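To start, the structure under review is shown below, and the notes come after it.
The values are calculated or read from the model by the stated rules, or taken from the named source; none is laboratory data. Just so you know, these numbers come straight off a predicted model, no measurement behind them. Using ideal geometry, Cβ is built from the backbone for each residue, glycine included, and neighbour counts are taken over all protein chains shown. Heads up: the accessible areas ignore ligands, DNA and RNA and are worked out on the full protein's heavy atoms, side chains in. Shrake-Rupley method; radii C 1.70, N 1.55, O 1.52, S 1.80 Å.
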Amino acid sequence: MADVLSFRDDEPLEEPAVTLDAFLDQSNATAVRLEDGEDARQLLPYLDRLALIEIGFSTFGDGRGYSAARILREHGYTGELRAQGDVLVDQLDFLRRCGFDSFAPETPLDPADTEIALTRWKHVYQEAADDRHPIWSKRHG
């Protein structure tokens with residue numbers, strides 16, 4: 001597995017994530033992996049039991065993982081949410097805004113490029129799953 005870039009104070013969970021089908025069959029695992037196209041809403045009844053939800057990105061152009069992350073965060077998931085797979089440096093800020101707090105890219109990312117990608121945009125224009133406030137709210141309260 002690739003190195004995990006984490007924005008949490010706790011250590012990244014190293015427990016292997018089970019597939020969604022395996023979890024739904026036995027539901028005692030604390031780490032689950034969602035693949036492209038799997039419905040994150042199936043995990044909603046179990047969010048309080050999960051320490052890690054890993055969302056696979058088989059290709060950088062598939063945006064379904066962003067939606068899955070936002071659904072999970074908006075329904076109260078507070079555990080580690082990890083993007084794994086074809087994660088590119090220019091996606092990190094958007095992934096983080098959708099609720100991801102750790103990343104395990106297949107191809108290692110340059111630390112300097114990662115820092116630039118995550119700090120480039122001081123202001124945002126819309127609300128998201130993160131705690132950043134849109135620039136317009138500073139003017140219009």
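Consider S58 carefully, then state whether it is closer than 19 Å to D93 by Cβ, among the polar types (S, T, N, Q) and either in contact with a helix residue (DSSP H, G or I) (Cβ under 7 Å, 6 or more places away or on another chain) or free of Cβ contacts under 8 Å to residues at least 40 places away in the same chain (or both).
The answer is no for S58.
Identify, by number, the condition in (1) assigned to a loop (DSSP other than H, G, I, E, B); (2) at pLDDT 85 or above that D10 doesn't meet.
Evaluating D10 over (1) assigned to a loop (DSSP other than H, G, I, E, B); (2) at pLDDT 85 or above leaves (2) as the failure.
Please determine whether any residue of the stretch 69-82 is aliphatic (A, V, I, L, M) and modelled with pLDDT under 90.
No - not one qualifying residue is present in the stretch 69-82.
Residue by residue, here is whether (1) among the aromatic types (F, W, Y); (2) more than 28 Å from S27 (Cα to Cα); (3) in contact with a helix residue (DSSP H, G or I) (Cβ under 9 Å, 6 or more places away or on another chain) holds:
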| site | (1), (2), (3) |
| --- | --- |
| E74 | no, no, no |
| G79 | no, no, yes |
| R82 | no, no, no |
| V89 | no, yes, yes |
| F94 | yes, yes, yes |
| L109 | no, yes, yes |
| E115 | no, yes, no |
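Kindly provide the set of residues from the stretch 69-105 that are in a loop (DSSP other than H, G, I, E, B) and over 13 Å from L118 (Cα atoms), ordered by number.
H75, G76, Y77, T78, G79, D86, V87, C98, G99, listed by residue number.
Please go through the stretch 28-58 and pick out each residue that is open to solvent by less than 50 Å² (accessible area, probe 1.4 Å), of a type in the set (G, A, S) and over 15 Å from G79 (Cβ atoms).
Of everything in the stretch 28-58, just one residue is open to solvent by less than 50 Å² (accessible area, probe 1.4 Å), of a type in the set (G, A, S) and over 15 Å from G79 (Cβ atoms), namely G56.
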